[in-house]
1. For a quick protection proxy, order the peptides 40-46, 378-384 by their average other-Cβ count within 10 Å, most packed first.
2. Taking a ≥ b ≥ c as the square roots of the eigenvalues of the Cα gyration tensor of the range 52-377, is the shape rounded (a/c under 1.5), prolate (a/b larger than b/c) or oblate?
3. Positive end of the dipole of the chain, charges at C-beta (+1 Lys, Arg; -1 Asp, Glu), about the Cα centre: which of VAL431, GLY283, SER90 has its Cα farthest in that direction?
4. Towards the positive end of the charge dipole of the chain, with charges on Cβ (+1 Lys, Arg; -1 Asp, Glu), say which of THR445, SER388, ILE81 has the farthest Cα.
5. Does the range 135-210 classify as rounded, prolate or oblate by the C-alpha gyration tensor (a ≥ b ≥ c root eigenvalues; a/c under 1.5 gives rounded; else a/b over b/c gives prolate, otherwise oblate)?
6. Counting Lys and Arg as +1 and Asp and Glu as -1, each charge on the Cβ, what is the dipole of the range 131-205 about the Cα centre in debye, to the nearest 20?
7. I'd like to know which of GLY191, SER260, MET488 lies farthest towards the positive end of the charge dipole of the chain, counting +1 on Cβ of Lys and Arg and -1 on Cβ of Asp and Glu.
8. How would you classify the range 70-109 from its alpha-carbon gyration tensor, with a ≥ b ≥ c the square roots of the eigenvalues: rounded for a/c under 1.5, else prolate if a/b is greater than b/c, otherwise oblate?
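Computed from the coordinates by the stated procedures, all read-outs in this text should not be read as laboratory data. The shown structure was predicted, so the numbers you read here are calculated from the model rather than taken from an experiment. Here the Cβ positions follow ideal geometry from the backbone for every residue, glycine too, while neighbour counts run over all protein chains shown.
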Amino acid sequence: MKMKNILIIAAVLTCLLTSCSKKEIPMKSTSTGPVSVTYTESTEDIVNPERGFYQYAEIHASDYYPLDQATLAAYRTVHPIPDAKYSVSSSLVFLEYVLDSFKNAPLSADFLARLNNDCATARAAGVKLIPRFVYVNTTQTGSCPAGSICPPYGDASKAIVLGHIAQLKPYFQLNEDVIACVQLGLIGIYGEGYYTDYFGDASENAQGKLLDGNWNDRNEVIKAMLGVIPADRMLQVRYPQIKERYVYGISANVISAATSEDEAFTGTDKARIGLHNDCFLSGPNDVGTYVDYGNSATPLQDATSALRNFESYDSKYTVVGGETCDNSYSPQNDCGPTGTAQTEFAMFHYSFLNAQYNLSVNNDWVTGGCMDDIKSKLGYRLVLKNGSFPAQAAAGSQLEVTINLQNQGYASPFNPRPVQLLLRNQSGGKVTVIPFNTDIRKWYTGDVVLTEKLSLPGDLAAGTYDLLLNLPDKFASLSSRPEYSIRMANGDTWEPTTGYNKLNASLIIK
């Protein structure tokens, strides 16, 4: 035995002294265990689809000026806002169509064609739209109790409204890819459902509340709109009670149940109705946003606590956005710790806000030092933290992948889109797409973990592949456009020419 050990030692020493080749020395195989990657977070203000500060556009049917592609494309780059202390980059355009020529007539074929052309312009420019159709966006003074806003207000009858909704169906269906969500509009000045000639005037100018018939008429309009917009697009209404009275009936109380996680994103009417607050942070009840407007048997009364509670739960699963409107509610609408602006954004899961109004409110966030935080957190902000990936695998096998990330934004993405692992062959660049079984709309604020065993194609060629994460738009018309893909908030991961996020790992297929 001792002699055998001596012979082995002698053989090794001989090899060392005579420079034996590697073939003559037994070597251990390289480990094939998982490779861990850690990612660096970026502080960059990222322009991502369907979130952030939006730009405002207004088009009158009586004097139609179409959207301009160069203007829309420029919104995607950082640009100043006139009279503001801040600059933004925008992927969203709020588009208010004023149907002033059609208050007593059907929409014309020319007008409908122009709508489609505007969507084509938005598509070419790389932005998405938030359309709202209204009949009037001006007010008139008089001797009425409200003083500065007097009837007649200038909106249209229910019959006209329902006729127009039916005409708009092809527009919504054809252009779903560039429509982020739809705002109800149609009723009252600015389409906000308050000062209206036909759907119940709850102001001091008239009955001071809404009656059962008014609620029924409004619900009919909501039902019609939900029926013409695509099934996976949400409809925003102006007040939380509008949703309650639609979902639970015209006698529903203000403590009705909000959308639950089990109900979220199921395609039901309840799951598809969100909110646009056009007087965000303007006072305790945001100028009537959180008011119980009564019915035939009950009075108009304050319901701030109950309706804010409803919205705080409901908004986790539905789209919320809007604009500020009045700076008199200061310092409450300022940055923390004195103000509650950031807390309110988070509580109500805001995805977008008007970049151009109200500048007095918005400028205070620059002065107070929280504007950059708000800009980065509106909607979602997805940050890769770390990942674990196999170093090698065989074609047709299971690939176990773990990716840890965080959503640091106020909300999850509100529209569906694929989440894909890409394998790109380093020799030739062919890309293989493997879908994750996840719903990005449920990537709520906080930690998100993707852990899956993904099936590799049986015919996957041998070679070395780069691993990438892709979150493209769901529509073929946009899925290869980087402007419509989600960029992770990390350094050294984004590929601007492809819209892919590099995972900084590779896989050998044997």
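1. 378-384, 40-46
2. Here the range 52-377 falls in the rounded category.
3. Final value for the positive-end residue is VAL431.
4. Going by the charge dipole, the pick is SER388.
5. Because a/c hits 1.5 or more and a/b exceeds b/c, the range 135-210 counts as prolate.
6. Charge dipole, the range 131-205, about its Cα centre: 140 debye, nearest 20.
7. Of the options given, the answer is MET488.
8. Since a/c reaches 1.5 and a/b is larger than b/c, the shape of the range 70-109 is classed as prolate.
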